[in-house]
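Nothing in this text is a laboratory measurement; each read-out follows from the coordinates by a stated rule. Small disclaimer: the values here were computed from a predicted structure and weren't measured. Neighbour counts are summed over all protein chains in view; Cβ atoms, including those assigned to glycine, are modelled from backbone coordinates with ideal geometry.
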Amino acid sequence: MNTVIGVSVNTVLFGGCFDGFIVVIVFVLLVGDWNFWDGFLSLEHKNLDAAIESLLNVEKQMRLAGDVAGTKKAVIDIVQLCYEACAWKTLNDQIVLLSKRRGQLKQAVTAMVQQAMQYIDETPDIETRVELIKTLNNVSAGKIYVEIERARLIKKLAKIKEEQGLIAEAADLMQEIAVETFGAMAKTEKIAFILEQVRLCLDRKDYVRAQILSRKISPRVFDADPLKEKKKPKEGDNVVEEAPADIPSLLELKRIYYELMIRYYFHHNDYLEVCRSYKAIYDIPSVKGDPAQWIPVLRKICWYLALSPHDPMQSSLLNSTLEDKNLSEIPMFRLLLKQLVTMEVIQWTSLWEAYKDEFECEKDMPGGSLGEKAAEDFRERIIEHNILVVSKYYLRITLKRFAELLCLSLQETEKHLSEMVVSKSLVAKIDRPAGIVCFQAPKDSNDILNSWAMNLEKLLDLVEKSCHQIHKETMVHKAALKVQ
């Protein structure tokens, strides 16, 4: 029986952790001898220690001899042996021990870290997983040849922290890594890592740091042609690693980037930048080719154009959006934009009754649904539009008549007009005692002097031409008298 037991133990020890334990547990349950279980664990521990010791001797010989391939194999075998025996504490200890050995080869440390990273998802519980990640992180800290592996480890640890509800800790962990300096990391993986940093900062309401991190990504990087053939690296250049399979494509990253930017700009009520972000999402081929995707995006573009203050950029986007043929699929929004570009006074009450239901339907926005603040801003944009229309057709108008055209009180009319003058959207003066609004722009002293000079020049030209004509008529008259 002892011989059989010894053979079965040696057979299951290195043949797979869970299968071995199942065989032994079944044997103990059948025989009923629990002392054998203690003997099995002791024998397993001794066999594991003996196997590791022999491999450590092999690793030492290979390392001293400078044999890179042999050292890597010995290191990987030790790590794999600990994994198969489910000795997670021993695995952590051996990783630290091997990394601190004198003259340890960089290739061996890299191979060991990469091999151990494959076992992270195989850990039995979350504590063991965190411990293994921290061990690998400590080993790879400060080593430039495993910087990519360290970034991936930090990302895994941050994800665990986030699942535990520790958003602030996850964000702090991610900010420790500056992946933009990693030359060997794939471009898409860099972008995905930075976007994860931005997302965590937005989740913890740290909008200042989110903006700083987002500036590490240039929007022009998303315009690169992914089908363009990669240039072969020259001799001495760093070889760029392939991105992991779970990293999204460049166009998917573009959508994620602009959705995060929408969240940031919406917090600051920067409607024009929100509109431009939606415009960038709208231009993605996969979105533009699917009506189920582009119709909601185009609706949001129209809303945020209507909410944006009047300026040259807003006017340019408004006209370019009106030229979009897809806008005919949503005629209500085409009519809304048409009203905004037409120089006619818009009645706010009738407009709000027509679009109130559509306004309240916009719920699924990355930055948040359109609420009371957006409704107030929409009303202000309509009032601003009406003021600009009036200023186009009148040089002078009474404040009372102005208020009647805007359907506002005198106080509200004066308030909105003053705000537009302060923001330099309009040039106007209010004569409050007389109750008159003047839209003529004040002239600069230099402009006045220049106009006077031009008027004098024109006057002198007329005088000279008149003198010439008089002289000509005089000569003709004298010649006629001589003939007679």
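Residue farthest toward the positive end of the dipole of the chain, with Cβ of Lys/Arg at +1 and Asp/Glu at -1: which of 387, 185, 361?
387
Kindly state, to the nearest 0.05, the FRET efficiency for residue 186 paired with residue 93, given R0 = 25 Å and r defined as their beta-carbon distance.
The formula returns an efficiency of 0.15 here.
Quick one: which residues, 5+ away or cross-chain, put their amide H under 5 Å from the amide H of residue 398? H built at 1.01 Å from N.
Those qualifying (amide H under 5 Å, at least 5 residues apart or on another chain) are 437.
Show me the trypsin sites (Lys or Arg not before Pro) within region 351-425 that DSSP assigns to loop and that have at most 14 other Cβ atoms within 10 Å of their Cβ.
363, 424
With an 8 Å cut-off on Cα pairs and a minimum separation of 6 or more residues, tell me the relative contact order of region 333-484 in percent.
Relative contact order here is 17 percent.
With runs of 4+ DSSP H residues as the only contributors, calculate the mean residue ellipticity of the chain at 222 nm using -39,500 (n - 2.57) per run, divided by the residue total and rounded to the nearest 500.
Mean residue ellipticity at 222 nm (helix-derived): -22500 deg cm²/dmol.
How big is the charge dipole of the chain about its Cα centre, in debye rounded to the nearest 20, if each Lys and Arg gets +1 on its Cβ and each Asp and Glu gets -1 on its Cβ?
Magnitude of the dipole: close to 2140 debye.
Describe numerically, in nm with one decimal, the distance between label points set 7 Å from Cα along Cα→Cβ at residue 166 and at residue 434.
Here the answer is 7.2 nm between the modelled labels.
Of 460, 312, 408, whose Cα points farthest to the positive end of the dipole of the chain (charges on the beta-carbon: +1 Lys, Arg; -1 Asp, Glu; origin at the Cα centre)?
About the Cα centre, the residue reaching furthest to the positive side is 460.
Please work out how much length the chain gains when fully extended from residue 251 to residue 375, using 0.36 nm per residue of separation minus the C-alpha to C-alpha distance, in nm with one decimal.
41.3 nm
Going Cα to Cα from residue 338, which lysines come in below 20 Å? Please leave out same-chain ones fewer than 8 positions away.
Correct list for residue 338: 279, 300, 325, 356, 392.
So which lysines pass the test for residue 60, namely a Cα distance under 20 Å, with those fewer than 8 places away in the same chain ruled out?
72, 73, 100, 106
Measure nothing but the geometry: give the 0 to 90° angle between the long axis through the Cα atoms of 291-307 and the longest principal axis through the Cα atoms of the chain, rounded to 10°.
Between the helix axis and the principal axis of the chain, the angle is about 50 degrees.
Where does each of 467, 275, 438 land when they are ranked from fewest to most other beta-carbon atoms within 10 angstrom?
Taking fewest neighbouring Cβ atoms as first place, the list is 467, 438, 275.
Which residue, 219, 54, 256, has the largest displacement toward the positive end of the dipole of the chain when charges sit on each Cβ (Lys, Arg +1; Asp, Glu -1)?
Looking along the dipole axis, the top candidate is 219.
If you take the beta carbon distance between residue 316 and residue 401 as r and set R0 to 35 Å, what does 1/(1 + (r/R0)^6) give as a FRET efficiency, to the nearest 0.05?
Once rounded, the FRET efficiency stands at 0.60.
Which angle from 0 to 90°, rounded to the nearest 10, does the C-alpha axis of helix 187-203 make with the longest principal axis of the chain?
80 degrees
What value in Å³ per residue do you get for the convex hull of the alpha-carbon atoms in region 107-256?
Per-residue hull volume (Cα only) is 129 Å³.
Which angle from 0 to 90°, rounded to the nearest 10, does the C-alpha axis of helix 106-117 make with the longest principal axis of the chain?
90 degrees
Can you give me the distance in nm between label points at residue 410 and residue 286, each placed 7 Å from the Cα along the Cα-to-Cβ direction?
6.1 nm
Once both labels are modelled 7 Å past Cα along the beta-carbon direction, what's the residue 353-residue 216 spacing in nm?
5.4 nm
Given that just one value was derived from the coordinates, which of (i) 85, 57, 44; (ii) 90, 62, 38; (iii) 156, 61, 42 is Cα extents along the principal axes in Å?
It is the value labelled (iii).
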